[in-house]
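Trainee: Input: one structure, supplied below.
The values are calculated or read from the model by the stated rules, or taken from the named source; none is laboratory data. Keep in mind the model is a prediction, meaning the values are calculated, not measured. Heads up, the Cβs are rebuilt from the backbone with ideal geometry, glycines too, and the neighbour counts pull from every protein chain shown. Protein only, heavy atoms only, side chains kept; ligands, DNA and RNA dropped before computing areas. Shrake-Rupley method; radii C 1.70, N 1.55, O 1.52, S 1.80 Å.
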Amino acid sequence: MSDAPVTKRDLDQAMGELRGEMATMKTDLIREIGQAASQVANVMMEHIQTLISVVDEKYQDLPPHHAKLRADFDAHTADRRLHTRLPTTSPKRTRRPRSR
């Protein structure tokens, strides 16, 4: 080691190098965190998909079944012969209280 005194210029240069290294480390860390988060998200999506597949398999025939029910309902409502008008009723009268 030399016994030469450390100057402000030397300190500024060392700080600049340190800042550069830290900026590089920050960039690398951000990239690695992004990759790890992406991997975690992929694993979570795969797990969720396995959970959902059970429900999908169980109810996969519902949309066609619903479409058939809807078509039957629409055909029924379109047939006016099946629907008769309800008779009009007279308005209800209010009852008077009983006297004792």
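Trainee: If I model a spin label at residue 96 and residue 78 as a point 7 Å from the Cα along the Cα→Cβ vector, what separation in nanometres do I get?
Mentor: 5.6
Trainee: Continuing with this model, one more query. Counting only protein heavy atoms and a 1.4 Å probe, tell me what percentage of segment 20-100's accessible area is made up of carbon and sulfur. Before the final figure, lay out each step's value.
Mentor: Details: 5150 of 8650 Å².
Here it works out to 60 percent.
Trainee: Helix 62-78 versus the longest principal axis of the chain: what angle, 0 to 90°, nearest 10, using Cα atoms?
Mentor: 30
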